Amino acid sequence: MPDFIEGNPVLIVIDIMGSGDPKDKETGGIPYMGGQEQLIDRTIPVIEAAKANQVPIVYIIEVHRPDHIDFGRELDGSEDVHDIEGRPATRVHPRLPYRDGDYLIPKRRY
């Protein structure tokens, strides 16, 4: 992992996740939101520009434990079990230029 980046700008990419296959119903993620591909199309050049200017990238993804201990009250609403650790959709979307050296922060509760 890179050194601390305190006092420097960073680009934060939050919850752009998935297996890359919107037809894949068994990936363990939340259903694809409308316009996701357009969002990714617009996000990629922003990430590339940040990297070209040595701005660190911080990816934040939602990840839950397989035993569901960290869901809390999240399942009380309309969402079902999702983003389980180790499933194909529980990762940075494969179209994004996530690389070794980028920061990855798993978000287990919110």
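Every number in this text was worked out from the coordinates using simple rules, so none of it is lab data. Here the structure is a predicted model, which means the values were calculated and not measured. All Cβ positions, even for glycine, are placed from backbone atoms using ideal geometry, and neighbour counts span all protein chains on display.
Only residues that are over 24 Å from G101 (Cβ atoms) and loosely packed, with under 10 Cβ neighbours inside 10 Å were counted in region 34-58, giving 2. Evaluation of I61 against the conditions (1) under 29 Å from N8 (Cβ atoms); (2) surrounded by fewer than 17 Cβ atoms within 10 Å (Cβ to Cβ); (3) in contact with an Asp or Glu (Cβ under 9 Å, 6 or more places away or on another chain); (4) not aromatic (F, W, Y) shows that the sole unmet condition is (2). When restricted to residues that are touching a Phe, Trp or Tyr at 6+ places or on another chain (Cβ under 9 Å) and over 19 Å from A89 (Cβ atoms), region 31-63 contains 4. Taking the criterion of being part of a loop (DSSP other than H, G, I, E, B), surrounded by 15 or more Cβ atoms within 10 Å (Cβ to Cβ) and out of contact with any helix residue (DSSP H, G or I) (no Cβ under 8 Å at 6 or more places or on another chain), the residues of region 86-110 that qualify are R87, P88, A89, T90, R91, Y98, D102. Might you check whether a residue that is touching an Asp or Glu at 6+ places or on another chain (Cβ under 9 Å) and within 23 Å of V10 (Cα to Cα) occurs anywhere in region 74-89? No, there is no match, as no residue in region 74-89 is touching an Asp or Glu at 6+ places or on another chain (Cβ under 9 Å) and within 23 Å of V10 (Cα to Cα).
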